[in-house]
Amino acid sequence: MRTNFRSEQLLDPNMRDAEHALRACVHCGFCTATCPTYVLLGDERDSPRGRIMLMQQMLESGSAPNEETVLHLDRCLSCLGCRSACPSGVDYAALIDQSRVYIEEQYARPLPERLFRNFILQVLTRPALFASLSVGARIFAPAVARLPGRLGSMARKALRSRPRPHLPLEGLEGGMRKVHWTFRGPETKNAKRFSGGGERDPRTLLLPGCVQRALAPEIDAAVIRVLSRDNKRVDTLGGSGCCGALAFHLGKAATAKVHAKAVIRACEASEESGAVDAVLISASGCTAFLKDYGKLFAGEPEWKSRAEEFTAKARDFVELVTPAAAPSQAAADAPVIAFHPPCSLQHGQRISGRGEALLRAAGFRLAAIPDAHLCCGSAGSYSLLQPEIAERLRAKKLDDIKSTGAAAIVSDNIGCLTHLAGELPVFHIAELLDWQHSRDRP
Ligand code: SF4
Ligand code: SF4
């Protein structure tokens, strides 16, 4: 596709990447059928192809976008299902990321919208505050459940995310192995160390993140136990905070960079006490963003280089775990579970089938979810900003999962788990791998 950018616009490396993506698009429309918002709303402007046209007009113009453009770009989930489907290799992420930043800089959102976006950012990136508000929401549940608008939707979501039930594991007993593991080592200044033993154990830095730390700290405990059994030394890294993904997806690139720099600095400081083999954050949405740190600092050579060094070590949980060497045979009466692959795993990081393989090797029976490539509607802060579309996508995903007869939903991302909670039990994959081996139920 032809583009008409002025040469000075292309001095910005992010704009150059966006222009490159625009030129690659041939408007074939193969991506439309994989776009959840197009499938749901049937409006070309809510399809990848339609949005690409809107983004081209907006970015080339160099002026403030109109309301209609912002509406249709805000409705994009950034799920990147379109990128996976595109035969021309259009980097849709480069386009939508640059467009979100552009809108944030050029467009004056109505005051209530600005306040709500800032509220989300301030609350969700502060685990102590978020945890307190979640507790408050549960105490005052009857009143909170009646709150109107997006605040009410946010509160109701917090209410249905707890309690997290236990999966009946009886059917798995035939395939279980007894594994002994211990935590060992001193607690360092900003890191707690755990290890399953070994000569020179691969050292993994676990970043505690923000939302998951507040909503489900038991997930990281399970992650540590699983990796320790895998003979990996795990250091949990304090002082790193939010990875910056939330701010970035709100178009606030400067805030995202502040978070990212804090994470990179904390990891570099930790490397002074020993080489780091891998950096892990146990939410696939955050991992996808860690892997993009290099792009975040395009145009800042020193930070780009530090970011790329960091990114080379970023791993998703499912990449780090070694599948059982002697796969367990699933008992005929083992519960059937549905592995919901987050978009950030299958489209963002382009990792497919790994979570399912780990679960099968551990002796679980898996259901095949129809339309598993479609987003569940969580998409970071999307479910708070676009609750109606997010609820419709959630309902479809739950219908698809329930049609398989699955007893529980398993995923790799706290956002999906929280969004899908409420009808079937939901678990992080680390919890199932942990329980399968140790039967150590929380
Ligand atoms: S993004 Fe790819 S699949 Fe979609 S219209 Fe453009 S070239 Fe075709
Ligand atoms: S990122 Fe997802 S919602 Fe956005 S255009 Fe692509 S497929 Fe559609």
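Quick one: what pairs do we get from the stretch 76-103, first residue more than 9 Å from ligand 2 (Cβ to nearest atom) and hydroxyl-bearing (S, T, Y), second open to solvent by 20 Å² or more (accessible area, probe 1.4 Å) and in a loop (DSSP other than H, G, I, E, B), C-beta under 6 Å, 6+ apart or different chains?
These pairs meet every condition: S88/V26.
Kindly indicate which of S132, S99, S84 is open to solvent by 60 Å² or more (accessible area, probe 1.4 Å), part of a helix (DSSP H, G or I) and either within 16 Å of ligand 1 (Cβ to nearest atom) or in contact with a Pro (Cβ under 7 Å, 6 or more places away or on another chain) (or both).
Values: S132 fails: either within 16 Å of ligand 1 (Cβ to nearest atom) or in contact with a Pro (Cβ under 7 Å, 6 or more places away or on another chain) (or both); S99 fails: open to solvent by 60 Å² or more (accessible area, probe 1.4 Å).
Sole residue among the options that is open to solvent by 60 Å² or more (accessible area, probe 1.4 Å), part of a helix (DSSP H, G or I) and either within 16 Å of ligand 1 (Cβ to nearest atom) or in contact with a Pro (Cβ under 7 Å, 6 or more places away or on another chain) (or both): S84.
Every residue in the stretch 408-423 that is buried (at least 17 other Cβ atoms within 10 Å of the Cβ) and not in a helix (DSSP H, G or I), please.
Kept after step one, since they are buried (at least 17 other Cβ atoms within 10 Å of the Cβ), are these residues of the stretch 408-423: 408-421.
Selection gives A408, I409, V410, S411, D412, N413, A421.
May I ask you to verify whether I351 is under 16 Å from the mean Cα position of the chain (by Cα), more than 16 Å from ligand 2 (Cβ to nearest atom) and on the phi < 0 side of the Ramachandran plot?
On the way: under 16 Å from the mean Cα position of the chain (by Cα): yes; more than 16 Å from ligand 2 (Cβ to nearest atom): yes; on the phi < 0 side of the Ramachandran plot: yes.
Criteria met by I351.
Those residues that are free of Cβ contacts under 8 Å to residues at least 40 places away in the same chain and either away from ligand 2 (no atom under 14 Å from the Cβ) or part of a helix (DSSP H, G or I) (or both), I need them from the stretch 43-53; list them, please. Quick ask: steps written out before the conclusion?
Of the residues in the stretch 43-53, the ones free of Cβ contacts under 8 Å to residues at least 40 places away in the same chain are 43-47, 49-50, 53.
Selection gives E44, R45, D46, R49, G50, M53.
Name the residue, out of A338, A334, that is closer than 22 Å to L424 by Cβ, in a loop (DSSP other than H, G, I, E, B) and either modelled with pLDDT of 95 or more or open to solvent by less than 20 Å² (accessible area, probe 1.4 Å) (or both). Please lay out each step first, then the result.
Working: A338 fails: in a loop (DSSP other than H, G, I, E, B).
Unique residue meeting the criteria: A334.
Hey, could you check the stretch 102-122 for residues that are under 23 Å from the mean Cα position of the chain (by Cα) and open to solvent by 30 Å² or more (accessible area, probe 1.4 Å) and say which is nearest to L10 (Cα to Cα)?
Among residues in the stretch 102-122 that are under 23 Å from the mean Cα position of the chain (by Cα) and open to solvent by 30 Å² or more (accessible area, probe 1.4 Å), the one nearest to L10 (Cα to Cα) is E104.
Do we find a residue being in contact with a His (Cβ under 8 Å, 6 or more places away or on another chain), within 13 Å of ligand 1 (Cβ to nearest atom) and touching a residue at least 40 places away in the same chain (Cβ under 8 Å) anywhere in the stretch 54-70?
For the stretch 54-70, residues in contact with a His (Cβ under 8 Å, 6 or more places away or on another chain), within 13 Å of ligand 1 (Cβ to nearest atom) and touching a residue at least 40 places away in the same chain (Cβ under 8 Å): absent.
Quick check on the stretch 4-16. Is at least one of its residues in a loop (DSSP other than H, G, I, E, B), within 16 Å of ligand 2 (Cβ to nearest atom) and open to solvent by 20 Å² or more (accessible area, probe 1.4 Å)?
Filtering the stretch 4-16 for residues in a loop (DSSP other than H, G, I, E, B) gives 4-8, 12.
Filter once more, keeping what is within 16 Å of ligand 2 (Cβ to nearest atom): none.
Checked the stretch 4-16: no residue is in a loop (DSSP other than H, G, I, E, B), within 16 Å of ligand 2 (Cβ to nearest atom) and open to solvent by 20 Å² or more (accessible area, probe 1.4 Å).
Which of the residues spanning the stretch 1-23 are within 16 Å of ligand 1 (Cβ to nearest atom) and under 27 Å from the mean Cα position of the chain (by Cα)? Even if it seems obvious, please write down each step before you answer.
Narrowing the stretch 1-23 to residues within 16 Å of ligand 1 (Cβ to nearest atom): 1-3, 17-23.
Correct list: D17, A18, E19, H20, A21, L22.
Select from the stretch 22-42 the residues that are touching a residue at least 24 places away in the same chain (Cβ under 8 Å), over 15 Å from S78 (Cα atoms) and either open to solvent by less than 70 Å² (accessible area, probe 1.4 Å) or touching a Ser or Thr at 6+ places or on another chain (Cβ under 8 Å) (or both) and list them in ascending order.
Passing the criteria: L22, A24, C25, V26, H27, C28, L40, L41.
The values are calculated or read from the model by the stated rules, or taken from the named source; none is laboratory data. All of these numbers come straight from a predicted model, not from anything done at the bench. When we count neighbours, we look across all protein chains shown, and the Cβ atoms used for this are built from the backbone with ideal geometry, even at glycine. Quick note on the areas: whole protein, heavy atoms, side chains included, nothing else; ligands and nucleic acids left out. Shrake-Rupley method; radii C 1.70, N 1.55, O 1.52, S 1.80 Å.
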